[in-house]
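S.K.: Dropping the structure in here first, questions after.
The values are calculated or read from the model by the stated rules, or taken from the named source; none is laboratory data. Keep in mind that this is a model prediction, so the values were computed, not measured. Every residue, glycine among them, receives a Cβ derived from its backbone with ideal geometry; neighbour counts consider all protein chains shown. For accessibility, only protein heavy atoms count, side chains too; no ligands or nucleic acids. Shrake-Rupley method; radii C 1.70, N 1.55, O 1.52, S 1.80 Å.
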Amino acid sequence: QGLAKRAEQISERGFADQLSPFYGDMKGAPRVREKVADFFDWALLNDEAPHGYSFNPDNVIIGPGCTSLLDTLAWNLADAGEGIIVPAPYYPAFDNDFCVRAELKIIPAEQEQADGSFALTEAALEAAAESAKAQGITARILVVTNPNNPLATNYSHAELLTAYRFATKHGLHLISDEIYARSVHAESGEPFVSMAQIALEEGLQDGGLGPRLHLLYGLSKDFTCSGFRVGVLYSENAELQAACANLQALAGVGTPTQNAIEDLL
């Protein structure tokens, strides 16, 4: 009886739309990417449309979790043996995400200060760049996790600006992992600021985010839906978009799960 009722509901809404047995857009169903873009306008930019910007569904890629998307980014943005600068301490699974298949070299940027506090400073980032150079490693990527894991803190606006300007100066791709964006509970401390807002304030990309900033989000933290295995990549880089769309044939997200995402958002 339950199955018959569900079949009736599917029939009313359209079989092809709900449980299509056919291949779809490997970047994600267009209607779901539209929902994600609208959600990002709220979750990352607080519906404030800074500088008139809103997220474009065409730049959204839906993948099976942020782990898979981080692996895809590492594979596409750098060659084996090249470096990725990561503020430390960092999420330990990055050793797997960036190194197992892509074979990148993690270059830590130490954040610990003399008084035991932590801060993302230009000195720490430049020291990491010099360390890579001394080891004969070409750094290609800077990754920032904000809110930070494992420190459970938000980076300040000044720290994010420092990271953005450092990446711009050195011609690095900047991955901003913002999977905890809406999990900010303390009334004191730094508010969450998306790296998208920093890029828009800097105004270097003709009103957009540019081809070197890549945002990540997922349902595992804020929505506590880790079993859904859903992550989202947002990038305005057309070449990266094309590569990811091709690789998503190996790691797409099924239609029933995408239907659930649409309902959640």
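S.K.: Just to be sure I understand the filter: pairs with C-beta atoms under 9 Å, separated by 6 or more residues or on different chains, first member in the stretch 60-87 and without any contact (Cβ under 8 Å) to a residue 40 or more places away in the chain, second member among the acidic types (Asp, Glu) and surrounded by 19 or more Cβ atoms within 10 Å (Cβ to Cβ). Which pairs pass?
M.R.: That search, which allows pairs on different chains as well, returns ASP71/ASP97.
S.K.: Restricting attention to the stretch 32-75, and to residues there that are of a type in the set (D, E, K, R) and either modelled with pLDDT of 90 or more or under 16 Å from VAL100 (Cβ atoms) (or both), which single residue is surrounded by the most Cβ atoms within 10 Å (Cβ to Cβ)?
M.R.: Checking each candidate, the answer is ARG33.
S.K.: Just checking, does the stretch 108-123 include any residue being assigned to a strand (DSSP E or B), under 17 Å from ILE179 (Cβ atoms) and either modelled with pLDDT of 95 or more or open to solvent by less than 70 Å² (accessible area, probe 1.4 Å) (or both)?
M.R.: Looking through the stretch 108-123, none of the residues is assigned to a strand (DSSP E or B), under 17 Å from ILE179 (Cβ atoms) and either modelled with pLDDT of 95 or more or open to solvent by less than 70 Å² (accessible area, probe 1.4 Å) (or both).
S.K.: Are any residues in the stretch 76-105 more than 15 Å from the chain's Cα centre (by Cα) and open to solvent by 60 Å² or more (accessible area, probe 1.4 Å), and if so, which ones?
M.R.: Residues satisfying the conditions are ASP79, ALA80, PRO92, ASP95, ASN96, VAL100, ARG101, GLU103, LYS105.
S.K.: Give me the residue from the stretch 124-134 that is surrounded by fewer than 17 Cβ atoms within 10 Å (Cβ to Cβ) and among the small types (Gly, Ala, Ser) and, out of that set, nearest to ALA163 (Cα to Cα).
M.R.: Looking at residues that are surrounded by fewer than 17 Cβ atoms within 10 Å (Cβ to Cβ) and among the small types (Gly, Ala, Ser), I get ALA127.
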